[in-house]
Amino acid sequence: MLTLVAIVDYAAGAETAGQRYEDAVLALLERHGGHLDRRLRGTDGRTEAHVIRFDSRAGYESFLADGDRAALRSALGESAPTTRVIEVHEG
């Protein structure tokens with residue numbers, strides 16, 4: 001099991017588009033053995049934190065390489081959110 005925390009920052013003025021993008025991308029998780037445990041929105045309206053679990057590292061790598069995910073990101077161009085991913089464990 002692989003557990004990740006993703007910190008997502010939306011581009012200024014593109015918060016709504018960024019949230020729609022995240023909705024669509026998170027919907028792709030299951031096809032790669034991924035599961036969204038929590039989706040938390042920052043009080044600033046420009047940041048989210050996701051706790052995501054994958055059955056395996058290979059599933060995560062498959063998710064990253066998903067062509068639909070890449071197409072969604074490309075469609076947003078410079079309005080695409082930036083994401084920092086941290087691998088975590090219970091402790």
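The values are calculated or read from the model by the stated rules, or taken from the named source; none is laboratory data. Since this is a predicted model, take the numbers as computed values, not measurements. Cβ placement follows ideal geometry from the backbone for every residue including glycine, while neighbour counts extend to all protein chains displayed.
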Restricting attention to region 1-57, and to residues there that are touching a residue at least 12 places away in the same chain (Cβ under 8 Å) and among the β-branched types (Val, Ile, Thr), which single residue is surrounded by the most Cβ atoms within 10 Å (Cβ to Cβ)?
Val8
Gly59: modelled with pLDDT under 95 and outside any strand (DSSP E or B), yes or no?
no
Qualifying residues in region 73-91 (those that are more than 12 Å from the chain's Cα centre (by Cα) and closer than 22 Å to Glu15 by Cα) - the one surrounded by the fewest Cβ atoms within 10 Å (Cβ to Cβ)
Glu78
